[in-house]
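Engineer: First the structure, then my questions, so here it is.
The values are calculated or read from the model by the stated rules, or taken from the named source; none is laboratory data. Keep in mind the model is a prediction, meaning the values are calculated, not measured. Here Cβ is always computed from backbone atoms with ideal geometry, including for glycine, and neighbour counts include all displayed protein chains. When the accessible area is computed, the model is the full protein with side chains, heavy atoms only, and any ligands, DNA or RNA have been set aside. Shrake-Rupley method; radii C 1.70, N 1.55, O 1.52, S 1.80 Å.
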Amino acid sequence: MAQPQRAAAELSRHEDVKKALQQATPGEAEPKRVSKARHRTWLAVYGVLLAALAVFYALTATGLVQLPGWEDNFIHKVPLAAVLVVALLFAERVAEAFGVKRIENPVTRYNLLRVARLVAAVLLLGAAGSILFGNFYTGLVSLGVISIIVGLAVQTPMTSFIGWIFILVRVPYRVGDRIKIDDATGDVIEVGYLDTTLWEFGGQYLSTDHPSGRIIKFPNSKVLSSTVYNYSWPLFPYIWNEIKFHIAYESDLEFVAKTMKEVVMDHRGEKMARRVKVYRELLAKTPVDELSVKEEPEVIFRVNDNTWLEAIVRYLVDPKHAGGVKNELIVHLLKCLNAAPDKIGFPKGDSR
């Protein structure tokens, strides 16, 4: 094994690295074969434990087994509560293994896992409380009262939990989307019950769309009061980008426009046309004017305040590759434009 692979394997054994990998690739952090084996193991454990507890409860209920303090009514209910808790855990694991895990879409699978585990936790609290402290209705009421008290005590976390429900229902963003919310920009790597985690791009120390290496966490409550910019709309998961050059008024504008368009067409034209054709039909079914989605790059000119013209070429690109594509295009554009100094003038001296 090569040195980098050995180092990566060593790092992957650390608990904090394992957790970060699971957050960065929710539901996909391990191969499916390992995941299935793990589910089978847990199902076997829960099944054996459930059978043992059921037998123990049957023995205690018929009086064949008597334990110290058994006359206490609370202790007498513990075996039944244990059976119900393990049964619910077993059912939740079955739902994950044979239902949720078979869903192909990773985002849907991720969200359903979250919901399933939340529902299982609520049912566990309600069922155990109803058996230990009274009937099922009393248990649910008690759980509701406790939830209200806790909600009043921790209002911000509760608002964030409501924000999580809003994210699931309205889907302002999903895991894998590139978004901007307030001053935070990045790719969504986790949507928790209380907060969202982004893998930041750009940021304080970079002027491009390259990942900064930092993560951003913000409470889910922010989506209820802030504007969310999503660069990954399923109906059109691309953005238009621009490259701008300052040129002299005496430049041959027809030559500049033709050259810039040809360079971008050679680099992006076929990909742009193919993508626009695919999504044009989808956009036609929405209020979006599909005719404004052009298949070719376009060049426009604007007057700059600094006595120069701005030659701008606009093109379509995947938002996650916008920085690299722009860098490649700038190199090709400058090479072609500088090859004709008699037809284009660039700023020189102090005006550069």
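Engineer: Would a scan of region 176-183 turn up a residue that is more than 29 Å from L118 (Cα to Cα) and touching a Phe, Trp or Tyr at 6+ places or on another chain (Cβ under 7 Å)?
Structural biologist: No: zero hits.
To keep it simple, each residue is scored yes or no on (1) in contact with a Leu (Cβ under 7 Å, 6 or more places away or on another chain); (2) over 30 Å from D177 (Cα atoms); (3) at pLDDT below 75; (4) aliphatic (A, V, I, L, M).
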| site | (1), (2), (3), (4) |
| --- | --- |
| L50 | no, yes, no, yes |
| L59 | no, yes, yes, yes |
| P68 | no, yes, yes, no |
| D72 | no, yes, yes, no |
| L88 | yes, yes, no, yes |
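Engineer: Let me ask another. Could you check how many residues of region 219-248 are open to solvent by 30 Å² or more (accessible area, probe 1.4 Å) and at pLDDT below 90?
Structural biologist: 8
Engineer: Right, D305: of a type in the set (D, E, K, R), modelled with pLDDT of 85 or more and part of a loop (DSSP other than H, G, I, E, B) or not? Please lay out each step first, then the result.
Structural biologist: On the way: of a type in the set (D, E, K, R): yes; modelled with pLDDT of 85 or more: no; part of a loop (DSSP other than H, G, I, E, B): yes.
When the stated conditions are applied, D305 does not pass them.
Engineer: Provide a single number: the residues in region 172-205 that are open to solvent by 70 Å² or more (accessible area, probe 1.4 Å), over 15 Å from K222 (Cβ atoms) and not in a strand (DSSP E or B).
Structural biologist: 3
Engineer: Residues that are modelled with pLDDT of 70 or more, among the aliphatic types (A, V, I, L, M) and either over 40 Å from the mean Cα position of the chain (by Cα) or loosely packed, with under 14 Cβ neighbours inside 10 Å (or both): does region 314-325 have at least one?
Structural biologist: Residues of region 314-325 that are modelled with pLDDT of 70 or more, as a first pass: 314-325.
Restricting the remaining residues to those that are among the aliphatic types (A, V, I, L, M) gives 316-317, 322, 325.
Right, trim to either over 40 Å from the mean Cα position of the chain (by Cα) or loosely packed, with under 14 Cβ neighbours inside 10 Å (or both) and you get none.
So far as region 314-325 goes, no, none of its residues is modelled with pLDDT of 70 or more, among the aliphatic types (A, V, I, L, M) and either over 40 Å from the mean Cα position of the chain (by Cα) or loosely packed, with under 14 Cβ neighbours inside 10 Å (or both).
Engineer: Identify the residue in region 25-48 that is at pLDDT 70 or above and open to solvent by 70 Å² or more (accessible area, probe 1.4 Å) and, among all such residues, is farthest from V175 (Cα to Cα).
Structural biologist: Taking the candidates together, the pick is V48.
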